[in-house]
Amino acid sequence: MNEQALISERALNIDVSGIRRVFELGAKLKDPINLSIGQPDFPVPKEIKKATIEAIENDRNGYTLTQGAADLLEATSKHLASDVGWSVPSDDLGLLIASGTSGAMMLAMAALINPGDEIIMPDPFFVVYPALAEITGAKTVYCDTYPDFRMTAQKIEPLITDRTKILILNSPANPSGVVLTNGELQEIVDLCEQRGVMLLSDEIYDLFTYSESCEDGRCPTPARHTQNMILVRGFGKTYGCTGWRMAYAAGPRAILQQMQKLQQYTFVCAPSMAQAGMVKAYDVDMSAQVAAYQRKRDMVVQAFEGIAAVGHPGGAFYAFLEIPPALGLSATEFSERTIEHNVLTIPGGVFSQRDTHLRISYAVSDEKLKAGLEILRSLMQEGNSG
């Protein structure tokens, strides 16, 4: 049998993530300095661990309702009311507990996209976005946000056509860490509502918004300007439990109802014991972890002053560095050089149509971060001096 001939064009048109390729290379290194992975380096808070263990021991191991466990829906409903001012009762179909933010976004796109519809997304982008467009038969339209990585209404408007169905917004952003202001978000909301485009806001890093980017002490979000959007947030990055695959989506009832139907036939429901643990999440104070990451962010920005341009990371835990043009290297070539020095980074071509920048994650210990930054600085200065 010719297995290759049986594989769908959909699958063949999607490349293996460049991030995974770096992980595979890193597996061959002995104790590498890993500045590539977006995995928080702090443990899951004990309150969440305890609640999850108790759920397992109390036999909460079967299916929940497709929409989600009642107690987590209730807790999330209260959080939405207090944080963004949305009134979404826990038994309303406008709220869904999903298997990770990628799972939630997959459901949203499957519920909205017909083949040939267009999705506008930022460039640089999180690697899942173009893949989800390909899977659902959408045409990807990239919004070039270089050099400041700010996706604004002025940059978006010329890209909207009669086929535009969804605008993906990601703030705080991966890979740049850029956080949009409330004013910028208001303009985007107004544009989407005027043109009939569904705004899909991926806010997986909402808690990791640093002090200078917060407004009223919170992460700026389009959800405070409209309920005519799909809001996607996750628990994994916030609480260090990425492998638990936990997130939620909220938005227009008619759309979320279709997402729930699709979840019933795909993911079925989010992991039941993890849902039980997440009920406690909203009561956990993560301010110490956020402050620690802001300090790490400052270490990164200071390390490259006068050496490499860095889009200001106001949130998340990434920095997107421009490879100094004088080096004459693509980001892929420079990343290969860092691997030779036992440092794992991700070339910008993984996240962009350009290969001019390098993404580093500072979700590592201070010691590892300091050592990695010194090596990166040395490589950039070595090239400049040559």
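The values are calculated or read from the model by the stated rules, or taken from the named source; none is laboratory data. What you see is a predicted model; the values in this text were computed from it and never measured. Note: ideal-geometry Cβ built from the backbone for every residue, glycine included; neighbour counts use all protein chains shown.
Out of (1) of a type in the set (Gly, Ala, Ser); (2) buried (at least 23 other Cβ atoms within 10 Å of the Cβ); (3) free of Cβ contacts under 8 Å to residues at least 60 places away in the same chain, what's the single condition that is false for ALA108?
Failing condition for ALA108: (3).
Which is outside any helix (DSSP H, G or I) and surrounded by 14 or more Cβ atoms within 10 Å (Cβ to Cβ), of ALA363, ALA371?
Details: ALA371 fails: outside any helix (DSSP H, G or I).
Matching residue, one of ALA363, ALA371: ALA363.
Can you find a residue that is in contact (Cβ under 8 Å) with a residue 12 or more places away in the chain and assigned to a helix (DSSP H, G or I) anywhere in region 83-90? Please lay out each step first, then the result.
Here is the first cut: in region 83-90, the ones in contact (Cβ under 8 Å) with a residue 12 or more places away in the chain are 83-86, 88-90.
Keeping just the survivors that are assigned to a helix (DSSP H, G or I) gives 83.
Yes - at least one qualifying residue is present in region 83-90.
Every residue in region 8-49 that is hydroxyl-bearing (Ser, Thr, Tyr) and at pLDDT 80 or above, please. Give the steps one after another, and end with the answer.
Let us first name the residues in region 8-49 that are hydroxyl-bearing (Ser, Thr, Tyr), namely 8, 17, 36.
Listed by number, the residues that qualify are SER8, SER36.
Yes or no, residue by residue, for (1) touching a Ser or Thr at 6+ places or on another chain (Cβ under 9 Å); (2) outside the structural domain of ILE53 (by TED's automatic domain parsing); (3) basic (Lys, Arg):
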position	(1), (2), (3)
GLY240	no, no, no
LEU262	no, no, no
VAL268	yes, no, no
SER272	yes, no, no
MET278	yes, no, no
GLN302	no, yes, no
TYR318	yes, yes, no
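Pull up region 236-251, narrow it to residues that are of a type outside the set (Lys, Arg) and modelled with pLDDT under 95, then point me to the one that is surrounded by the fewest Cβ atoms within 10 Å (Cβ to Cβ). Even if it seems obvious, please write down each step before you answer.
Initially, region 236-251 is screened for residues of a type outside the set (Lys, Arg), giving 236, 238-244, 246-251.
From what is left, the residues that are modelled with pLDDT under 95 are 236, 238-244.
Numbers: GLY236: 22, THR238: 23, TYR239: 26, GLY240: 20, CYS241: 23, THR242: 19, GLY243: 12, TRP244: 23.
Top of the filtered list is GLY243.
Here are some conditions: (1) modelled with pLDDT of 95 or more; (2) in contact with a helix residue (DSSP H, G or I) (Cβ under 7 Å, 6 or more places away or on another chain); (3) more than 24 Å from THR145 (Cβ to Cβ). GLU374 meets all but one. Which one does it not meet?
Failed condition: (2).
Given the criterion of a type in the set (Gly, Ala, Ser) and part of a strand (DSSP E or B), identify the matching residue among ALA308, ALA319.
Working: ALA308 fails: part of a strand (DSSP E or B).
None of the others qualify; the one that does is ALA319.
For (1) at pLDDT 95 or above; (2) of a type in the set (Ser, Thr, Tyr); (3) farther than 27 Å from ASN114 by Cβ, each residue gets a yes or a no:
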site	(1), (2), (3)
VAL197	yes, no, no
SER201	yes, yes, no
ILE204	yes, no, no
THR209	yes, yes, yes
GLY217	no, no, yes
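Residues of region 330-355 being without any contact (Cβ under 8 Å) to a residue 40 or more places away in the chain and surrounded by fewer than 22 Cβ atoms within 10 Å (Cβ to Cβ), which ones?
First, pick out the residues of region 330-355 that are without any contact (Cβ under 8 Å) to a residue 40 or more places away in the chain: 330-333, 336, 340-341, 355.
Within region 330-355, SER330, THR332, GLU333, GLU336, GLU340, HIS341, ASP355 meet the criteria.
Sort out which residues of region 132-175 are out of contact with any Ser or Thr (no Cβ under 8 Å at 6 or more places or on another chain), closer than 21 Å to GLY38 by Cβ and small (Gly, Ala, Ser), and write them in order of number.
ALA173
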